[in-house]
Amino acid sequence: MPRARYKLLVDRFASKIRSGTLPPGTQLPTHRQLAAKEGIALVTASRVYAELETIGLVSGETGRGTFVRETALPLSHGIDQPPTTEGMIDLNFNSPSIPGQTEMLRKALRQLSISGDLEALLHYQPHAGRQHERAIVAKHLEKRGLNVAAEQIFLVSGAQHGLAATVMSLLNPGDVVAVDALTYSGFKVLAEVHRLELVAIPLSDHGPNLKALEQLCSSRRVKAVYSMPTLHNPMGWVMDLSQREQLVAIARQHKLLIIEDAAYAFLAENPPAPLISLAPELTIYVSGLSKSVATGFRIGFIAAPERWVAQIERTIRATTWNTPSLMTAIACGWIEDGTVTQLESEKRQDATARQSLARQVLDGLDYITHPASYFIWLRLPEEARADQIVMALMKANISVSTAEPFAVADHIPHAIRLALGSVDLDTLKDALKKVREVIDFYVY
């Protein structure tokens, strides 16, 4: 097919979609039907649809066909999306807060202002953090089942910085990293920036398919595995001990680096042992206080084997020099006086209450979650398309995310993620009712 005619066919579809002649949700002819109608090769028909998908006008859905996208919906909704606008109800990002936290900060600042340590905070700090603060964090992490020395702890500017420092220290562009087929969107962005190749581990409702991971490691030169064993984002599940032991066995057999993301782990009471306690020689553990204390409180932790300490410390030097000492001083003070433990307990209760509310409103819909999670993975009925649902909710001033930001495999599930932790309970109830109403409209 001459290039000019091929481009004309792409342009013809694009024009019809942008003008509304082919409205969002329209199912296009199959590849074979398009090829027969236009008198072109099947591979060329596939190329036409592939280009339309690349420019964001259509989406191919495995087993269903090719559909016109809702073009008013921002691409990659949820990864590069700016903060919600004034009046928008945010069910996309989690920013859990407990009454009284502002006063806690005010009190902490007053105490810090009269401390004898104040002048020291005006100077450069050790890249990994001050030794006594690293010891405080090490003791705090004992409650999560970690047994690491202070010298193996690094204070960083949030868990995202912890993940970035880990990747920059221990992985190279082009390295293959195994991740769950649905994974934390922030790690996807990090992998893109650092030019890592992500390969998907298929999922069940209760965890990754570890047999598939083993097969993957046998066929590809996988360098690392990124895992959220305790309260997975976005799925909400907690891997049981046997799954963790199996994952560790695979990592040892294939000499994988394990990156354990525990950002939401504080929400799960009495979970199985963390991966770092099962494989301390292979595992980097990353967590922080952004979810358990406040999202603006950018304090994170890395726990690492001794052999990688120097590399990670050098990366912190290259990226931030040191985490701001005013923040680390407040964080460690709150760890020592029990404030962090108190907030974690209150947020577990808060998340549980929100899940209970969601169960009432969404009863009968197909979703996956954890009883103390701040998010819900809501699988949509066949009759409803995710981009149409998200766009309809945006028009109602409710922001949610499609599966696209979390999907690693080519197949993007027909689902949306609901974040429950950024609005008050009354607003959340009304917003969830609207979600239910919109889904019901497209189904019935």
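In terms of its C-alpha gyration tensor, segment 192-260 comes out oblate, because a/c is 1.5 or above while a/b does not outweigh b/c.
Tell me, how many Å apart are the Cα centres for segment 361-438 and for segment 194-249? With segment 361-438 and segment 194-249 each reduced to a Cα centre, they are spaced 24 Å. Between rounded, prolate and oblate, where does segment 225-333 land on the alpha carbon gyration tensor, with a ≥ b ≥ c its root eigenvalues, rounded for a/c under 1.5, else prolate if a/b exceeds b/c? Note, shape of segment 225-333 comes out oblate.
Between 0 and 90 degrees, the angle of helix 185-194 with respect to the longest Cα principal axis of the chain falls at about 90 degrees. Would you mind classifying segment 155-231 by shape? Square roots of the alpha carbon gyration tensor eigenvalues, ordered a ≥ b ≥ c; an a/c under 1.5 is rounded, otherwise it is prolate if a/b is larger than b/c and oblate if not. Taking the square roots of the gyration eigenvalues as a ≥ b ≥ c, segment 155-231 is oblate.
The angle between the Cα long axis of helix 339-361 and the main principal axis of the chain comes to about 30°, on a 0 to 90 degree scale.
Rolling a 1.4 Å probe over the heavy atoms of the protein chains gives the chain an accessible area of 45 Å² per residue.
With the alpha-carbon atoms of segment 333-444 aligned to their principal axes, the span from lowest to highest coordinate is 53, 33, 25 Å, starting with the largest. Measuring gaps between exposed loop sites in the chain (trypsin sites (Lys or Arg not before Pro); DSSP loop; at most 14 other Cβ atoms within 10 Å), the longest gap, sites not included, is 256-444.
At most 12 other C-beta atoms within 10 Å and a DSSP loop state: those are the exposed GluC sites (Glu not before Pro) I care about. Give me the longest piece of the chain that has none.
Numbers: sites that count: GLU86, GLU269, GLU281, GLU382, GLU383.
Here the longest segment lacking exposed loop sites spans 87-268.
Share of carbon and sulfur in the accessible area of the chain stands at 52%, probe radius 1.4 Å. Helical content of the chain, expressed as a calculated mean residue ellipticity at 222 nm, amounts to -13500 deg cm²/dmol (DSSP H runs of 4 or more residues, -39,500 (n - 2.57) each, divided by residue number, nearest 500). Placing dummy labels 7 Å off each Cα toward the beta-carbon, the span from GLU382 to ASP426 is 4.2 nm.
Expressed as cubic angstrom per residue, what is the convex hull volume of the alpha carbon set of segment 233-294?
Taking the convex hull of the Cα positions in segment 233-294, it is 88 Å³ per residue.
The structure shown yields semi-axes √(5λ) of the Cα gyration tensor in Å, and of the options (i) 75, 28, 19; (ii) 30, 26, 22; (iii) 41, 27, 20 that calculated value carries the label (iii). Dipole magnitude for the chain: about 1120 debye, using +1 per Lys or Arg Cβ and -1 per Asp or Glu Cβ, origin at the Cα centre.
Using the Cβ atoms and a cut-off under 13 Å, what net charge is assigned to the surroundings of TYR226, where Lys and Arg are +1 and Asp and Glu are -1? Computed value for this residue: -3.
Taking a quarter of the surface of the Cα convex hull of segment 274-382 gives a mean projected area of 10.3 nm². Cross-link partners for LYS395 among the lysines, with Cα-Cα distance under 27 Å and sequence neighbours closer than 8 places in the same chain left out: LYS16, LYS429, LYS433, LYS434. Angle of helix 325-336 to the longest C-alpha principal axis of the chain, folded into 0 to 90 degrees and rounded to 10: 80°.
The values are calculated or read from the model by the stated rules, or taken from the named source; none is laboratory data. None of the values given here were measured: they were computed from a predicted structure. Here the Cβ is made from the backbone with ideal geometry for all residues, glycine too, and neighbour counts use every protein chain on show. Side chains are part of the model used for accessible areas, which takes the heavy atoms of the whole protein and leaves out ligands, DNA and RNA. Shrake-Rupley method; radii C 1.70, N 1.55, O 1.52, S 1.80 Å.
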